[in-house]
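Visitor: Here it is, the structure, as structure tokens.
The values are calculated or read from the model by the stated rules, or taken from the named source; none is laboratory data. A quick note: this is a predicted structure, and the numbers were derived from the prediction, not measured. Methodologically, a virtual Cβ is constructed for each residue, glycine included, from the backbone with ideal geometry; neighbour enumeration extends over all protein chains shown. Just so you know, the surface numbers come from the protein's heavy atoms only, side chains and all, with ligands and any DNA or RNA stripped out. Shrake-Rupley method; radii C 1.70, N 1.55, O 1.52, S 1.80 Å.
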Amino acid sequence: MKKLLDLTIAIQQIPAPTFNEKKRGEFVRQLFVKEGLDEISTDDVGNIYGKYPGKGMGAPLVICAHLDTVFPADTDLRIARAPSRITGPGIGDNSLAVAAMPTLIQMLREKNIQPLGDIWLVATTGEEGLGNLNGMRAVVSRFEDSPIAYLALEGMGLGYIYHRALGVRRYRISVFTEGGHSWGNYGRPSAIHELASLINKLTSIELPVVPRTTLNVGTISGGFSVNTIAAEASCELDLRSESDKALAELVRETLALIALANKPNIKVVAEEIGSRPAGEISASHPLVKLAEQSLVKQGIEPILVISSTDANIPLSRGYPAICLGVSTGGGAHTLQEYIDTAPAAQGMGQLLYFVENLWGNKKNSL
């Protein structure tokens, strides 16, 4: 697995904040060229495509891994290597998964495996944050229901099978007031004070534990100086739930509180900045069963879970899709993010077994 880990580091060293994945995408494009993939191309949103041809006797498999990270372009990307782990921003989310795609093709060639259907590798853009899964939306719009399945890869999470897509709604809430001098105009409403009051009301909403439902204010900004009554302030709000119904109710309560926050000389606006649709396939679906077998073959007990990944888009449209991890790790979205190196071999073994048996195993025929 040394080549896989070295390639992972090479990918991690290229900054790729959401909406600025082009440089990393070009690196991956050259990897696809080196592997001799067919029909290599880049689409309008920056996704990189390459095809490993099958025997033409089955529907294609689409394997994707997102290029982007949550880290700004000027983040220090230095890594630290230890005997059992590699630490560095974005190493597991999602550099390892991107590196796993060409590595999987190498493994297929080494074993002289030509699948019944084509395998499309896609390095996607816009998976993180406000990218709103735009890369995967373009992928699914291109292939629609023609693939036998969509397989999303994440660098961490080995052992988990993400077969349920978590619904997410995101809003930017902005407050506008006249503003003024903190002394001379004291008494005028402050956009910051009004926003803080609204956030307090929002975070006081009683959320159900089952189905699990969450509310988070992720960013807040506003004001010009310490001695200014703020004329503008804004925050970004993330709402999630395992249940579409619970999420819809949370959205309704949130928008109702925002509407009530409007008063004379106080304008409050909610702009939707993200929507990740929910969806799922049954735990008894052949795709899930094959993923379970692939993990068991590696001595790993499978765990079925829900999350928000590139798989949200095909799942929301009723297409068979899952997300699998390549290794274990921790510290995702922090500067101390790390991957465990030894389990990567099991992760790649899982993927190889999955691809080998996707078309040929009659018991799991899709």
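Visitor: Can you confirm whether segment 23-30 contains a residue that is modelled with pLDDT of 95 or more, out of contact with any strand residue (DSSP E or B) (no Cβ under 6 Å at 6 or more places or on another chain), more than 19 Å from Met136 (Cβ to Cβ) and hydrophobic (A, V, I, L, M, F, W, C)? Give the derivation first.
Guide: Let us first name the residues in segment 23-30 that are modelled with pLDDT of 95 or more, namely 23-30.
Of the ones still in play, those that are also out of contact with any strand residue (DSSP E or B) (no Cβ under 6 Å at 6 or more places or on another chain) are 23-24, 26-27, 30.
Within this subset, residues satisfying the condition of being more than 19 Å from Met136 (Cβ to Cβ) are 23, 26-27, 30.
Cutting the leftovers down to hydrophobic (A, V, I, L, M, F, W, C) gives us 27.
The answer is yes; a qualifying residue exists.
Visitor: Restricting attention to segment 109-131, which residues are out of contact with any Pro (no Cβ under 8 Å at 6 or more places or on another chain) and surrounded by fewer than 19 Cβ atoms within 10 Å (Cβ to Cβ)?
Guide: Arg109, Glu110, Lys111, Asn112, Ile113, Leu116, Leu130 - these are the residues of segment 109-131 that are out of contact with any Pro (no Cβ under 8 Å at 6 or more places or on another chain) and surrounded by fewer than 19 Cβ atoms within 10 Å (Cβ to Cβ).
Visitor: So which residues in segment 185-202 are open to solvent by less than 60 Å² (accessible area, probe 1.4 Å) and out of contact with any helix residue (DSSP H, G or I) (no Cβ under 8 Å at 6 or more places or on another chain)? Lay out the reasoning, then the answer.
Guide: From segment 185-202, those open to solvent by less than 60 Å² (accessible area, probe 1.4 Å) are 185, 189-191, 194-199, 202; that's our starting set.
Within segment 185-202, Asn185, Pro189, Ser190, Ala191, Glu194, Leu195, Ala196, Ser197, Ile199 qualify.
One line per residue, one yes/no per condition, for (1) of a type in the set (Val, Ile, Thr); (2) open to solvent by 40 Å² or more (accessible area, probe 1.4 Å); (3) farther than 20 Å from Ala149 by Cα:
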| position | (1), (2), (3) |
| --- | --- |
| Lys23 | no, yes, yes |
| Ser41 | no, no, yes |
| Lys51 | no, no, no |
| Gly58 | no, no, no |
| Pro72 | no, yes, yes |
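Visitor: Which pairs have Cβ atoms under 6 Å, sit 6 or more apart or on different chains, and link a residue in segment 98-116 that is in a helix (DSSP H, G or I) to one that is small (Gly, Ala, Ser) and buried (at least 21 other Cβ atoms within 10 Å of the Cβ)?
Guide: So the pair list comes out as Val98/Ala65; Val98/Ala123; Met101/Ala65.
Visitor: Here's another thing I want to ask about it. Between Arg137, Arg172, Arg142, which is in a strand (DSSP E or B) and of a type outside the set (S, T, N, Q)?
Guide: Unique residue meeting the criteria: Arg172.
Visitor: Any residue in segment 172-197 that's over 26 Å from Glu271 (Cα atoms): show its pairings with residues that are open to solvent by less than 50 Å² (accessible area, probe 1.4 Å) and not polar (S, T, N, Q) at Cβ separation under 8 Å, as long as the two are six or more apart or on different chains.
Guide: Close Cβ pairs (under 8 Å, with a partner that is open to solvent by less than 50 Å² (accessible area, probe 1.4 Å) and not polar (S, T, N, Q)) amount to His181/Ile229; Ser182/Ile229; Asn185/Gly179; Asn185/Ile229; Tyr186/Ile229.
Visitor: Of the conditions (1) assigned to a helix (DSSP H, G or I); (2) open to solvent by 70 Å² or more (accessible area, probe 1.4 Å), Glu271 satisfies every one except a single condition; which number is it?
Guide: The one condition Glu271 does not meet is (1).
Visitor: If the requirement is being in contact with a Ser or Thr (Cβ under 9 Å, 6 or more places away or on another chain), touching a residue at least 40 places away in the same chain (Cβ under 8 Å) and acidic (Asp, Glu), which of these qualifies: Glu272, Glu232?
Guide: Working: Glu272 fails: in contact with a Ser or Thr (Cβ under 9 Å, 6 or more places away or on another chain).
On inspection, the qualifying residue turns out to be Glu232.
Visitor: Can you tell me which residue in segment 213-230 is farthest from Ser308 (Cα to Cα), limited to those that are open to solvent by 80 Å² or more (accessible area, probe 1.4 Å) and at pLDDT 95 or above?
Guide: The selected residue is Val226.
Visitor: While we're here: Give me the residue from segment 45-69 that is assigned to a strand (DSSP E or B) and of a type in the set (A, V, I, L, M) and, out of that set, nearest to the chain's Cα centre (by Cα).
Guide: Ala65
Visitor: Checking Ile258 against (1) surrounded by fewer than 18 Cβ atoms within 10 Å (Cβ to Cβ); (2) at pLDDT 95 or above, which single condition isn't satisfied?
Guide: Status for Ile258: all satisfied but (1).
Condition check ((1) β-branched (Val, Ile, Thr); (2) not in a loop (DSSP other than H, G, I, E, B)) across all residues:
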site: Trp183; (1), (2): no, no
site: Ile199; (1), (2): yes, yes
site: Ile205; (1), (2): yes, no
site: Leu215; (1), (2): no, yes
site: Ser221; (1), (2): no, yes
site: Ser225; (1), (2): no, no
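Visitor: From the list Ala259, Ala246, pick out the single residue that is under 26 Å from Ala152 (Cβ atoms), free of Cβ contacts under 8 Å to residues at least 40 places away in the same chain and not in a loop (DSSP other than H, G, I, E, B).
Guide: Ala246
Visitor: Let me ask you something else. Conditions: (1) open to solvent by 70 Å² or more (accessible area, probe 1.4 Å); (2) at pLDDT 95 or above; (3) farther than 21 Å from Gly180 by Cα. Asp244 meets all but one. Number of the miss?
Guide: Going through (1) open to solvent by 70 Å² or more (accessible area, probe 1.4 Å); (2) at pLDDT 95 or above; (3) farther than 21 Å from Gly180 by Cα one by one, Asp244 breaks only (2).
Visitor: What pairs come out if I take residues in segment 27-52 that are farther than 20 Å from Gln106 by Cα and among the small types (Gly, Ala, Ser) and pair them with residues that are open to solvent by less than 60 Å² (accessible area, probe 1.4 Å) and assigned to a loop (DSSP other than H, G, I, E, B) whose C-beta lies under 6 Å away, six or more apart or interchain?
Guide: Here the result reads Gly46/Glu21; Gly46/Thr125, each pair linking segment 27-52 to a residue that is open to solvent by less than 60 Å² (accessible area, probe 1.4 Å) and assigned to a loop (DSSP other than H, G, I, E, B).
Visitor: Residues that are surrounded by fewer than 23 Cβ atoms within 10 Å (Cβ to Cβ) and out of contact with any helix residue (DSSP H, G or I) (no Cβ under 8 Å at 6 or more places or on another chain): which strands (runs of 3 or more DSSP E) entirely in segment 274-366 hold 2 or more of them?
Guide: It comes to 303-307.
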